[in-house]
Each structure stands twice: as structure tokens, then as C-alpha cells.
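Everything below concerns the one structure shown next.
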Amino acid sequence: MAVTDVQNPLLGETTCGSLLQKLQEIWDEVGESDEERDKMLLQIEQECLDVYKRKVEQAAKSRAQLLQALSDAKLELSTLVSALGDKNFGGIPEKASGTIKEQLAAIAPALEQLWKQKEERVKDFSDVQSQIQKICGEIAGNVSEQTGSPAVDESDLSLKKLDEYQAKFQELQKEKSDRLHKVLEFVSTVHDLCAVLGMDFFSTVTEVHPSLDDSTGVQSKSISNDTLLRLAKTVSALNQDKKQRLHKLQELATQLIDLWNLMDTPEEERKLFDHVTCNISASVDEVTVPGALALDLIEQAEVEVERLDQLKSSRMKEIAFKRQVELEEIFARAHIEIDPEAAREKIMSLIDSGNVEPAELLADMDNQIAKAKEEALSRKEILDRVEKWMSACEEESWLEDYNRVNLYMGCTLKSQACRESSYSGQQNSRYGRHLSCQNSGLGRRSWDIICV
């Protein structure tokens, strides 16, 4: 058996040949037989073969591992390129040449570059998906239930896919902006309605959602479907309440005006309730003054109507009698005879019985006054003629009295008249005839006045 004499750096000068020579010397000294020596040498040779065999197997296993690593690296390289969607990536070696380790060393920089690019792309995907998840949660109203970052699908990290997410994110941002604008419009409407109705805006709006308070930032306000729905219902309920209150206030304002007109309430007292009557013909949208439809204002108007209703029954007789006096004066001027006592008794009985509404009674008396005025106007021409005739009769009566006095005075002074000149007597005779003729003329004029 030949043994190669090779120097082993780990054993210094000791080699396989020197060891074998040493073994032979020992065998010679011991006196081992050739058979034993051959057997032992075969055993040593077998052990050496086993060592070589193990080393070869280890080398083969290492080579297989390197080949697997190279295959995995190539597969990972291909997978990364495919996932990143970068088909034109220039870091891949064009030809697979050289030893396995050289090939692995050639692929390593490309893999490192692709891994770095993948990490950045995953971060971009994670950021945009997190934003999408956040907005979707805000719309769904379950922001507090979101935990952790969304899972990124690493099989498709292409720029095209990222652009799709970016486009979706922009759409959701627009939807969020639109929803936020709508929420702010609802909140503003609730604020205006609460102001008109005299309600607490803070408690009303935070009952819908706590984030709708003015102290909360705009971007922190809830934009969920539930919030929008509840805001719409709140606005609808407040509008309905506003409509009902306005209708109630207009009814009270009408009652106030009727009672004021009924009792001739002075303008100073009416001005105290201008804030009630100013909206008597206003539409729902026209009422925007804060507190215009507050409950305390409506209660104030109700109390005033109730007070005037109680006052109305005590003042009805006074007002009705005032109308009756006006009616009697019109009849008196028109020379129409009526029974005022009977009329007053009838008014008293109607008021005391309560069978007729005060407003109806006064309206009926107003109609009577209007008819009396029409009747007086129709008689005015005849009354004017009678007045003229009576004036003419008074003038004629005065002249007759004047003539009688003159005749009396003429008889008394008869003796004196005889002594006067004949010229004077003639003059007196002419004057007497003139008066007689004048009296006759006045009588004719009086008749003519009546017949005109």
C-alpha cells in the first residue's frame, strides 16, 4: 500500500509516511505478524476512505446548498421584478457564468437593490391603504374600531397598482370633503334654527354626535352616514317645530289684534307686542331673527291673550254702549225716532246671556252704524231743504211781528200824523203798502224753497 507523504501544516513536520514508519518500527519491536499488520493497514486505509467519503459528501451537500441558494436568489429576483412591475430593471446579470459563488455574488447587489425598492414600495402602499382605511372608517362611523395597519399584498407592488390606490384615495378625499361640507351646512342650519327657536345649540348638536361642537376642529368632525342621517332628521324636526311655533304665534297675533280692535287698545300698548305681530304674515323662511319663536315669547303672548279675554268681558258693555251712543247720534241728526232704552236693554241681555260672541255683537252694531250713516246721507238733501224752509219761516214770522209793532205805533201817533203835512202822510201810506207787498213776496219765496 502506497501512502503519500504530504506535509500537514497543522502537524508541523509529522506526515502520514513518518507515522507509518513509526508504526512499523513499533510492530517490529512488538513482533506483530504480517497478517496482523496487513489487517491493521486495511483498517487504516478504510478509515481514510471513510474520511474522504464524508468530506466528499459534505462538499456535495455544500454545492447543492449553493445551487439551491442560487436558484432561490434567481427565483426571488424574478419574483421581486414581477411584484414591482419593473420589467426593465437593469441590475440583473445578463449571463450566468463563473462559479456558483461568483454567480451568487453577481446576483446579490441586484437583490439588495430590489429589496430596498420593495421596502419603500411596501411603505408607500401601507401609507395610502392606511389613509383609505381611515376615511372608509370615518364614513362608516367605526374609526375607533380600527387597529393596526392594513395588510399589504406583496405579490403586486407595481406602480400601476399604487396609482389605483392613489386614485381611490383621492376619490375618498373628495367624498370626505363633500360630506364635511354637508355636515357643516347641517350644523349651520341647526345653529340658525336653534337661535330662532331659542334653543340650546350645544346640547342639540352634541346629541347628534359629540364631535359636532364648535370647539372641535373641522377635520375631526364626524362625517359618517349615521351622523348625516341624524343631522338631516334634526334639521327636519327643528323646521317642523319652527313651522308649528310660527303658526301658533300667528294665531296668537291675530287674536291680539282682534282683541285690541275690539277694545280700542291704544297704540302704546300695542307696540309692546310688535315682536309678536311683526311675523303675522311672514313665511317660515322669512323668520330669521334670534329668539323670534322662543317658547317664552309664545307663552308671553298666550298670557296676554288670556288677560285680554278676561278684560274683554268686563269692557264689552262699555264698548257696546259707546257704539250705541254713536248710533243714536246718527239717528238724531237724521231725525229718525228710535227707542234707546229698549236697544240698551237688548245689548245688556245679549252680553249677560253669553249667547253671542262680543266680536259678532260689535260687528253687528258696526253694520247698524254703517246703515244709519247711509240712511242719514240719503235724507241729507231733504233735511237741507226743510232747514232752508224753516229759516224762511222764521224770517217771515219776524217780519210779521215787526209789522204789527209798526201798526201799533202808527195808531198811537195818529193825532200827530194828522197834523203833519199831507206829503208825510202820503209817504207813510206808501211805506205800509210796501211792507205788505214785501210780506207777500216772502211767503211766495218760502213755498218756492220747499218745492225746489
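The values are calculated or read from the model by the stated rules, or taken from the named source; none is laboratory data. Values in this document were obtained by computation on a predicted structure and should not be read as measured data. Cβ atoms come from the backbone with ideal geometry, glycine included; neighbour counts cover every protein chain shown.
Results, tabulated for the structure shown:
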quantity: Some residue of the stretch 109-126 being closer than 30 Å to residue 70 by Cα, part of a helix (DSSP H, G or I) and among the small types (Gly, Ala, Ser); calculated: yes
quantity: Matching option when the condition is exposed (fewer than 12 other Cβ atoms within 10 Å of the Cβ) and under 15 Å from residue 301 (Cβ atoms), among 248, 271; calculated: 271
quantity: Residue check, residue 305 in contact with a Leu (Cβ under 6 Å, 6 or more places away or on another chain) and of a type in the set (A, V, I, L, M, F, W, C); calculated: yes
quantity: Per-region count, the stretch 332-354, residues farther than 30 Å from residue 255 by Cα and surrounded by fewer than 16 Cβ atoms within 10 Å (Cβ to Cβ); calculated: 10
quantity: Unique residue being in contact with a helix residue (DSSP H, G or I) (Cβ under 8 Å, 6 or more places away or on another chain) and within 25 Å of residue 137 (Cβ to Cβ) when the list is 248, 221, 242; calculated: 221
quantity: Helices (runs of 4 or more DSSP H) contained entirely in the stretch 183-289, each with at least 2 residues that are at negative phi, under 16 Å from the mean Cα position of the chain (by Cα) and in contact (Cβ under 8 Å) with a residue 40 or more places away in the chain; calculated: 225-263
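The rows are residues; the columns are (1) at pLDDT 95 or above; (2) outside the structural domain of residue 235 (by TED's automatic domain parsing); (3) closer than 26 Å to residue 235 by Cα.
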residue: 256; (1), (2), (3): no, no, no
residue: 259; (1), (2), (3): no, no, no
residue: 263; (1), (2), (3): no, no, no
residue: 271; (1), (2), (3): no, no, no
residue: 285; (1), (2), (3): no, no, yes
residue: 288; (1), (2), (3): no, no, yes
residue: 298; (1), (2), (3): no, yes, yes
